[in-house]
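Chemist: Sharing a structure below in structure tokens format, with a few things to ask.
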Amino acid sequence: MYELPDIRRATQADLEGCAEVINEWLDQTDWLPRTASTDEIAEMFRSALKTRVIWVGGEPVAGYLSIDPSDNHIWGFYCRETGRGLGKALLEHVKVGRDFLSLNTHVPNERAQRFYKREGFVEVDRFMPEPPDTVEEVRMEWHRDA
């Protein structure tokens, strides 16, 4: 049986692991062209830690969720393995104390969309991102039931 790792706030030491998680995902995803090098992604994490709260699970990092606390938008949410509960645990962790969350996912990523719908998110928009990104995105929102 898989034991869920503790969820903790990322430190500078976790950022390389977060970058590895997304780089592995990009390398395994044939429908999403890489628009940033592995080094650029690592730099994005160093910059993001200044304005976002990043939660991680695992040692080494098995998954992460990056949220902007000013607008409750999830900017990054990836796990090395899906279907084991870490993603749900990360999402439940950031729902605490919030009444609203938003995120974007890619149209071809139907598995992610099914997961978000199970977790109470609804689609509110579809749009083409700004270049260099070229894959249509879905904006989804979650509202706590009153």
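Chemist: For Met44, what accessible surface area do you get with a 1.4 Å probe? Give it in Å², rounded to 10.
Modeler: 100 Å²
Chemist: To the nearest 0.05, what FRET efficiency results for Thr134 and Val53 with a Förster distance of 35 Å applied to their C-beta separation?
Modeler: 0.75
Chemist: Tell me the per residue accessible area of region 93-138 using a 1.4 Å probe; a whole number in Å² is fine.
Modeler: Values: 2760 Å² over 46 residues.
With all protein chains present, region 93-138 gives 60 Å² per residue.
Chemist: As a test of the formula, what do you get for the chain when each DSSP H run with n ≥ 4 contributes -39,500 (n - 2.57) and the sum is divided by the residue count, at 222 nm and rounded to the nearest 500 deg cm²/dmol? Numbers along the way, then the final one.
Modeler: Values: 4 runs with 44 residues, N = 146.
Value at 222 nm, helices only, nearest 500: -9000 deg cm²/dmol.
Chemist: Continuing with this model, one more query. I need the P(r) histogram for region 30-89: all alpha carbon pairs, bin width 5 Å from 0 out to the longest distance, whole percents.
Modeler: With 5 Å bins starting at 0, P(r) equals 4, 16, 21, 26, 21, 12, 1.
Chemist: At what distance in nm do the modelled label points of Leu32 and Lys88 sit from each other, each positioned 7 Å from its Cα along Cα→Cβ?
Modeler: 2.2 nm
Chemist: On to the next question. Could you report the accessible area of Ser47 in Å², rounded to 10, computed with a 1.4 Å probe on the protein chains as they sit in the structure?
Modeler: Counting only protein heavy atoms, the figure is 50 Å².
Chemist: Based on the alpha carbon coordinates of the chain, what radius of gyration and maximum Cα-Cα distance (Dmax) apply, in Å?
Modeler: Both quantities, over Cα of the chain: 14.7, 44 Å.
Chemist: Hey, another quick one. For Arg46 and Glu24 in the same chain, what is the full-extension length gain: residue separation times 0.36 nm, less their Cα-Cα distance, in nm? Numbers along the way, then the final one.
Modeler: Details: separation 22, 0.36 × 22 = 7.92 nm, distance 1.81 nm.
Additional length available on full extension: 6.1 nm.
Chemist: As an exercise, identify the trypsin sites (Lys or Arg not before Pro) in region 67-132 lying in DSSP coil whose Cβ has no more than 10 other Cβ atoms within 10 Å. Before the final figure, lay out the partial values.
Modeler: On the way: sites: Arg80, Arg84, Lys88, Lys95, Arg98, Arg111, Arg114, Lys117, Arg118, Arg126; in loops: Arg80, Arg84, Arg98.
Passing both the DSSP loop test and the Cβ count: no residue.
Chemist: Next question, about the same structure. What whole-number volume per residue, in cubic angstrom, does the convex hull of the C-alpha atoms of region 49-119 give?
Modeler: Details: hull volume 7.0 nm³, N = 71.
With only Cα atoms used, region 49-119 gives 99 Å³ per residue.
Chemist: Let me ask something additional. Loop sites only, by DSSP: take the GluC sites (Glu not before Pro) in the chain that have at most 15 other C-beta atoms within 10 Å and name the longest stretch containing none of them.
Modeler: Excluding the exposed sites themselves, the longest stretch runs over 4-80.
Chemist: Still on this model: Below 8 Å between Cα atoms, with a sequence gap of 6+, how large is the relative contact order for the chain in percent?
Modeler: Numbers: 215 pairs, mean separation 29.3, N = 146.
Once normalised by length, the contact order is 20 percent.
The values are calculated or read from the model by the stated rules, or taken from the named source; none is laboratory data. Everything quoted here is computed from the prediction, not taken from an experiment. Every residue, glycine as well, gets a Cβ built from its backbone with ideal geometry; the counts of neighbours run over all protein chains shown. Calculation scope for accessible area: heavy atoms of the full protein, side chains included, ligands and nucleic acids excluded. Shrake-Rupley method; radii C 1.70, N 1.55, O 1.52, S 1.80 Å.
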